[in-house]
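Take a look at the structure set out below.
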Amino acid sequence: MSSPSLVITGLGMVSAVGADLVGSCAAIRARISRFREVDTFGTREAHAEGEPRPVVASPVLSERGPDWAVRLLAQALQDLVRNARLQRRDLARYRLLLSLPDPTLSPAHAALHSQLVPLLAARTGMVTVPTSAVAPGGNAGMLQAVQAVLAAAAQTRWEPCIVAGVDSHLLSEGLARLDRTGRLKSPRNRDGFIPGEGATAVLLERRTEALRRGAAPLASVVCAETAVEPRAIGSGEPSSGEALTRVLRAACAAGVPEGHGWVVCDLNGESYRFREWGLVRARLTPQLNGLRRIWHPADCLGDVGASTGGMLLAVAARAFQRGYAPADRALLWAGSDDGHRTALVLTRQ
């Protein structure tokens, strides 16, 4: 574990309920959602007339051309620039870690991993293309990237980072796979999630460096842990809860005194996740019983894939900043379809 020297000094966000961080977090706090039917995809379930049913989703974009990821992520980065009081040219000074959609979905998804950064630099007006790397994807991907930055912050060689994520479950390839595997929520399938999309960006710096340049830290990253669930959601078996138990036990021991925190997580309506969480609650009763609230932004956003971790960080940090956080410490956790489970502790400044 590292000392709490890593701080969040900037956030950017675009979601179905807000065009920026402030609007999105205000809507989530008010429990506003914009779920609606989209007619670009029909589920296998048919109307009485035999026509496919439109899927209920949480869209941001009115249309999704080949530049959908660039448009979403550029908007999140521009929001971060405003909130962190940077200049657009400053973006090139920070290392960029990107959590992206599954590259196996289509050739276009695979191309994102090599083409997104140059396109993003052009769209946001960066003179120099920033140093970048692709972080893990999935719901836990951005939290895993923050964990890597936390470990790096303890090293002599260090550079501040922007961890960013972008995803959309509303592309036809992704919707078809979710429908085929029975994961889309519909009248036929109650045990599914509402697909969403969005992008988030998080600026991470050492506390000393942030204070030196006059930045106001929004939250501190105390610790982060990752483990792998042996029975991932695609295995056809219920989760054993082993990995989530391990990471939450370690996170609580390192950063959340008993009864002094609240949970922000990626529960999304699927029974697999709720059963996993139930197992963990039973196993970690002393550590978790005193937690004051459980927030799951998917109630408002739908499941937003690789941008999920950033949404959780933004919701918690904004609650600290605006004074409505129910505790001084937030226990964040998320789980990816490949079995990775990551837990992270944020503290108020």
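The values are calculated or read from the model by the stated rules, or taken from the named source; none is laboratory data. Predicted model, so just to flag it, every value in this text is computed and none were measured. In this analysis, Cβ positions are derived from the backbone assuming ideal geometry, glycine residues included, and neighbour counts consider all displayed protein chains.
Okay, here's what the table says:
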read-out: Every pair of residues 6+ apart whose Cβ atoms lie under 6 Å, when the first sits in region 145-173 and is more than 14 Å from residue 99 (Cβ to Cβ) while the second is among the hydrophobic types (A, V, I, L, M, F, W, C) and crowded, with 24+ Cβ neighbours inside 10 Å; value: 150/6; 150/221; 150/224; 153/6; 170/57
read-out: Members of region 11-23 found to be surrounded by 24 or more Cβ atoms within 10 Å (Cβ to Cβ) and either over 21 Å from residue 305 (Cα atoms) or among the charged types (D, E, K, R) (or both), listed by number; value: none
read-out: Candidates 291, 284 - the one that is within 15 Å of residue 252 (Cβ to Cβ) and touching a strand residue (DSSP E or B) at 6+ places or on another chain (Cβ under 8 Å); value: 291
read-out: Residues of region 100-120 classified as in contact with a helix residue (DSSP H, G or I) (Cβ under 7 Å, 6 or more places away or on another chain) and modelled with pLDDT of 85 or more, total; value: 8
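Per-residue answers, yes or no, for (1) among the polar types (S, T, N, Q); (2) touching a strand residue (DSSP E or B) at 6+ places or on another chain (Cβ under 7 Å); (3) without any contact (Cβ under 8 Å) to a residue 40 or more places away in the chain:
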site: 237; (1), (2), (3): no, no, yes
site: 248; (1), (2), (3): no, yes, no
site: 251; (1), (2), (3): no, yes, no
site: 267; (1), (2), (3): no, no, yes
site: 296; (1), (2), (3): no, yes, yes
site: 300; (1), (2), (3): no, no, no
site: 341; (1), (2), (3): no, yes, no
site: 347; (1), (2), (3): yes, yes, no
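For (1) aliphatic (A, V, I, L, M); (2) surrounded by 19 or more Cβ atoms within 10 Å (Cβ to Cβ); (3) closer than 13 Å to residue 335 by Cβ, each residue gets a yes or a no:
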| residue | (1), (2), (3) |
| --- | --- |
| 181 | no, no, no |
| 186 | no, no, no |
| 191 | no, no, no |
| 213 | no, no, no |
| 220 | no, yes, no |
| 229 | no, yes, yes |
| 241 | no, yes, yes |
| 251 | yes, yes, no |
| 257 | no, no, no |
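So that you can scan it fast, the table gives a plain yes or no per residue for (1) in the same structural domain as residue 77 (by TED's automatic domain parsing); (2) at pLDDT 95 or above; (3) in a loop (DSSP other than H, G, I, E, B):
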| position | (1), (2), (3) |
| --- | --- |
| 251 | no, no, no |
| 263 | no, yes, no |
| 268 | no, yes, yes |
| 307 | no, yes, no |
| 310 | no, yes, no |
| 318 | no, yes, no |
| 327 | no, no, yes |
| 343 | no, yes, no |
